[in-house]
Amino acid sequence: MGIVPGKIQRSDIMHFIGENGIRRLTFHYAGLDGKLKDLIIPLHSREYTERVLSAGERVDGSSLFKGMVPATGSDLYVVPYYPSAFLSPFDSESLDFMCRFVDRDYSRTPFCPDNLLQTLYEKLKNEQNYELWAHGELEFYLLGDRDSLHYEAPPQSGYHASAPFSPFQDVLQEMVQTTSDMTGLVKYGHSEVGMISRIESADPQIHGKFGVQYEIEMLPAPVPQAADTMLLAKWVVRNVAYRHGLLATFAPKISDGNAGTGMHFHLEIIRDGVNQTRTDKGLSDLARQCIGGLCDYAPTLSAFGNTIPSSYFRLVPHQEAPTQIYWSDLNRSALIRVPLGWPDGEDMAPLVNPRLQEHYQTKYIRQTFEIRSPDGSAFIHLLLAGITHAILTTFSDPEKYLHIAESHYVKPGDAGETDSFESLPGTCEEAAEYLQASRDRYSGSFPEEVLDWVIRYLQSHEDGRIQEELKQLSPGEQVIRRLEIMHRYIHIQ
């Protein structure tokens, strides 16, 4: 539309619709199950279009939020969030929006994950004058038929591979460009480590296929927008894969001995548009304070970020996945990693282009801190809400959380020094126990019915029993049972 998103008015949207042959609106929103939902609205007249843009449309909350909204009082409205408007990549005559839920009290429905995240983001901004920004790393496997595989790479060798050894590079390119065109928030895409020669499964939709792992990494945005972007990116990945005759899965683990699939989030603290995560002396005390909060809340964050039994097949040693609560610089096995950042700006080009006479200056600061435990089963909005709450809590006692950060730090290369740290939960049931025991710490931020629902959902997997069952099986039987559990969740979230 050529308008700064935050300044879009309804009249701008009406003008765009009239000038571009838009015949329908598509409203998108997140249900409790974490999947993107759609409502398709054909446009009959200017008056009707303006009414829908103004009032939104009614939906059945008891279906979208089962176990939380009774059927006897289930009506909610989904109202379009104007700055999110985009032309649908899959329907040239549709203008699409992310929406927010509104209840009978004419207010944003407090238990809906997107509204919960928005409220905590605003609380941090209003009370502390800081914004939390994030960007996610969306990892996934594309599964295809072996008869289309002509250049087969060895297992675990796919990192940044190029075509033809990355056989779906053209599909990834389409995914990257489509998501970027929609959101403007894609950093890059590339092939990842995982290369599965042949999948053995009782599930006929994936049995016999080969799998290649890919990643699309986003650009930083305020956490509500970052969550929406990840949800939309998953939608794009699935749809583009489907159109190419492939299956995309975000399941945390689909094969033993091959790379699992994470959903890491990079975080940065912003004030007045400037990243406060780093100073000219290195990582800021503010960032360390926030890291202390994440270490303190880490066991409960698993309840939002690792929500199915196979999540805990991924969180094992020696797989670049965390198992214990500590942080470190550069270390990909740490729960929280501080990636390489530069203290003196971004002007690297002269180092490799010695004849370059132009210099680049920017106030942009690249530094982030990255939480590496979440995976593709995460309830994205609830996870980022939990992270925001943990960081907000640290402002009540900065010295306490700086001390926690100091006591949970491991120098790069000191892998043997990590055994003394607390372990992350090992099952969904353990994550539920941690959340239940610590629910008072979320009081005032998370509605009780949200915590109750998450705890019930995690307990329903009964995966403590599954772990005990596996111990009683022979090695061959364990393999079969583990694959059955992994593949049960091939389309999770």
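The values are calculated or read from the model by the stated rules, or taken from the named source; none is laboratory data. Owing to the predicted nature of the structure, the values given are computational and were not obtained by experimental measurement. Ideal geometry is used to build each Cβ from the backbone, glycine not excepted, and the neighbour counts take in all protein chains shown.
Within the stretch 422-493, which helices (runs of 4 or more DSSP H) (wholly inside it) include 1 or more residues that are at pLDDT below 95?
Filter on the stretch 422-493 gives 448-460, 463-471, 475-488.
Among the residues of the stretch 411-418, are any touching a helix residue (DSSP H, G or I) at 6+ places or on another chain (Cβ under 9 Å) and either at pLDDT 95 or above or not aromatic (Phe, Trp, Tyr) (or both)?
Yes, the conditions are met somewhere in the stretch 411-418.
Only one of (1) more than 27 Å from Pro447 (Cα to Cα); (2) surrounded by 14 or more Cβ atoms within 10 Å (Cβ to Cβ) fails for Thr388. Which number is that?
The single condition Thr388 does not satisfy is (1).
Exactly one condition in (1) exposed (fewer than 14 other Cβ atoms within 10 Å of the Cβ); (2) modelled with pLDDT under 95; (3) of a type outside the set (Lys, Arg) is false for Glu47; which is it?
If we test Glu47 against (1) exposed (fewer than 14 other Cβ atoms within 10 Å of the Cβ); (2) modelled with pLDDT under 95; (3) of a type outside the set (Lys, Arg), just (2) comes out false.
Quick one: how many residues across the stretch 133-171 are surrounded by fewer than 21 Cβ atoms within 10 Å (Cβ to Cβ), closer than 30 Å to Leu120 by Cβ and among the aliphatic types (A, V, I, L, M)?
So the answer is 0.
Restricting to strands (runs of 3 or more DSSP E) lying wholly in the stretch 1-107: which have 2 or more residues that are at negative phi and in contact with a Pro (Cβ under 8 Å, 6 or more places away or on another chain)?
24-30, 94-102
Do we have any residue at all in the stretch 76-86 that's over 27 Å from the mean Cα position of the chain (by Cα) and at pLDDT 95 or above?
No.
I'd like to verify a number: residues in the stretch 401-437 that are surrounded by fewer than 17 Cβ atoms within 10 Å (Cβ to Cβ), under 16 Å from Ala298 (Cα atoms) and in contact with a Ser or Thr (Cβ under 8 Å, 6 or more places away or on another chain), how many?
So the answer is 1.
It is to be established whether one or more residues within the stretch 348-360 are in contact with a strand residue (DSSP E or B) (Cβ under 9 Å, 6 or more places away or on another chain) and surrounded by fewer than 12 Cβ atoms within 10 Å (Cβ to Cβ).
No, that holds for no residue.
Tell me the residue from Gly444, Gly426, Gly476 that is of a type in the set (Gly, Ala, Ser) and under 22 Å from Ile325 (Cβ atoms), please.
On inspection, the qualifying residue turns out to be Gly426.
What residue, of Ile269, Ile254, Ile206, Ile216, is touching a residue at least 12 places away in the same chain (Cβ under 8 Å), within 30 Å of Lys400 (Cα to Cα), among the β-branched types (Val, Ile, Thr) and assigned by TED's automatic domain parsing to the domain that holds Gln128?
Ile269
Looking at Tyr409, is it assigned by TED's automatic domain parsing to the domain that holds Ser310, of a type in the set (Phe, Trp, Tyr) and farther than 24 Å from His318 by Cα?
Considered against the rule, which asks whether it is assigned by TED's automatic domain parsing to the domain that holds Ser310, of a type in the set (Phe, Trp, Tyr) and farther than 24 Å from His318 by Cα, Tyr409 comes out as no.
Among the residues of the stretch 123-132, is any within 22 Å of Cys290 (Cα to Cα), in contact (Cβ under 8 Å) with a residue 40 or more places away in the chain, assigned to a strand (DSSP E or B) and out of contact with any Cys (no Cβ under 9 Å at 6 or more places or on another chain)?
Yes, the stretch 123-132 contains at least one residue that is within 22 Å of Cys290 (Cα to Cα), in contact (Cβ under 8 Å) with a residue 40 or more places away in the chain, assigned to a strand (DSSP E or B) and out of contact with any Cys (no Cβ under 9 Å at 6 or more places or on another chain).
Could we say that Leu120 is surrounded by 16 or more Cβ atoms within 10 Å (Cβ to Cβ) and either in a strand (DSSP E or B) or out of contact with any Phe, Trp or Tyr (no Cβ under 8 Å at 6 or more places or on another chain) (or both) here?
It is true that Leu120 is surrounded by 16 or more Cβ atoms within 10 Å (Cβ to Cβ) and either in a strand (DSSP E or B) or out of contact with any Phe, Trp or Tyr (no Cβ under 8 Å at 6 or more places or on another chain) (or both).
List pairs: first in the stretch 157-168 and closer than 23 Å to Gln319 by Cα, second exposed (fewer than 13 other Cβ atoms within 10 Å of the Cβ) and modelled with pLDDT of 90 or more, Cβ under 9 Å, 6+ apart or cross-chain?
Note: pairs meeting the criteria are Ser166/His160.
Could you list, in sequence order, all residues of the stretch 23-78 that are in contact (Cβ under 8 Å) with a residue 24 or more places away in the chain and of a type in the set (Asp, Glu)?
Passing the criteria: Asp33, Glu50, Glu57, Asp75.
Residues in the stretch 185-195: is at least one surrounded by fewer than 16 Cβ atoms within 10 Å (Cβ to Cβ) and out of contact with any strand residue (DSSP E or B) (no Cβ under 8 Å at 6 or more places or on another chain)?
The answer is no, given that none of the residues of the stretch 185-195 is surrounded by fewer than 16 Cβ atoms within 10 Å (Cβ to Cβ) and out of contact with any strand residue (DSSP E or B) (no Cβ under 8 Å at 6 or more places or on another chain).
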